[in-house]
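This report concerns only the one structure given below.
The values are calculated or read from the model by the stated rules, or taken from the named source; none is laboratory data. Source: prediction; values computed, not measured. Ideal geometry is used to build each Cβ from the backbone, glycine not excepted, and the neighbour counts take in all protein chains shown. Quick note on the areas: whole protein, heavy atoms, side chains included, nothing else; ligands and nucleic acids left out. Shrake-Rupley method; radii C 1.70, N 1.55, O 1.52, S 1.80 Å.
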Amino acid sequence: MDADALDGVAAARAEYAAGGLVEDDLLPDPVSMFRRWYDDAHAAGLHEPNAMVVATVSTDLAPSARLVLLKGVSDDGFVFYTNTGSRKGRELAGNPRCALLFPWHPLERQVRVDGTATLLSRDAVDAYFAVRPRGSQLGAWASHQSSVVSGREELAAAYDEAQARYADGDVPTPEEWGGYLVTPESVEFWQGRPGRMHDRLVYRRTADGWRTERLAP
Ligand SMILES: Cc1cc2nc3c(=O)[nH]c(=O)nc-3n(C[C@H](O)[C@H](O)[C@H](O)COP(=O)(O)O)c2cc1C
């Protein structure tokens, strides 16, 4: 069956010429390299350059993906926060292997991370939760993320209830709220080039560090 064309979609085709990525550009480890590209994305004024697609897979092998904000990066990997009872949380509990994708279109770049997620410590989660805006803290109490609700009213009532419960006091971290560290196994840096001859350089973890390879575009 032919798919109906969206206006202009079939013809939409950009020629990528913003830059190139060669082996000599690579830093010794993928996190340093990520920081360099992240800084470029930030400096270029991209909207939410820390928004990344997080892909997970259920125990019956169905993939799912959603946008999440990157909230930290260190030599250990990439950190995000979410509700551990959500769909992604349940899928990660059954299968911690996941993928991250940073789609930095205006720079004609993407970064892909394959890795394994582990739960952050309660202390780390509490420390982050404590500095979130109060509205977000209350929202975390009001939303059992990914569960079905009867309507907007139910959510509003739960929010009001949380607001009343904590009045002017500190809002504690909900039990079901948490964060993950994604430890990378491989990190690919993709730069668009003319004629679809894109650059794809990937770091792969080895027993004693990282090796890099070039992939065909
Ligand atoms: C730009 C953007 C940033 C988001 N950041 C987060 C986030 O940091 N944590 C989170 O739990 N959900 C975030 N969301 C909402 C998720 O995309 C998703 O709707 C939610 O986490 C439930 O996903 P799940 O049912 O697959 O678990 C964000 C959505 C957008 C569009």
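Numbers below:
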read-out: Residue satisfying all of: in region 42-67; of a type in the set (G, A, S) and under 15 Å from the mean Cα position of the chain (by Cα); surrounded by the most Cβ atoms within 10 Å (Cβ to Cβ) among these; value: A55
read-out: Looking only at region 116-141, and only at residues there that are assigned to a loop (DSSP other than H, G, I, E, B) and free of Cβ contacts under 8 Å to residues at least 24 places away in the same chain, the one that is most open to solvent (accessible area, probe 1.4 Å); value: V131
read-out: Enumeration of residues in region 147-189 that are touching a helix residue (DSSP H, G or I) at 6+ places or on another chain (Cβ under 6 Å), outside any strand (DSSP E or B) and under 19 Å from N95 (Cα atoms); value: none
read-out: Any chance G77 is in contact with a Gly (Cβ under 8 Å, 6 or more places away or on another chain), at pLDDT 95 or above and among the small types (G, A, S); value: yes
read-out: Residue, farthest from the ligand (Cβ to nearest atom), within region 65-115, restricted to residues that are within 10 Å of V182 (Cβ to Cβ) and without any contact (Cβ under 8 Å) to a residue 40 or more places away in the chain; value: P96
read-out: Condition check for R214: within 27 Å of A65 (Cα to Cα), of a type in the set (K, R), touching a helix residue (DSSP H, G or I) at 6+ places or on another chain (Cβ under 9 Å) and surrounded by fewer than 16 Cβ atoms within 10 Å (Cβ to Cβ); value: yes
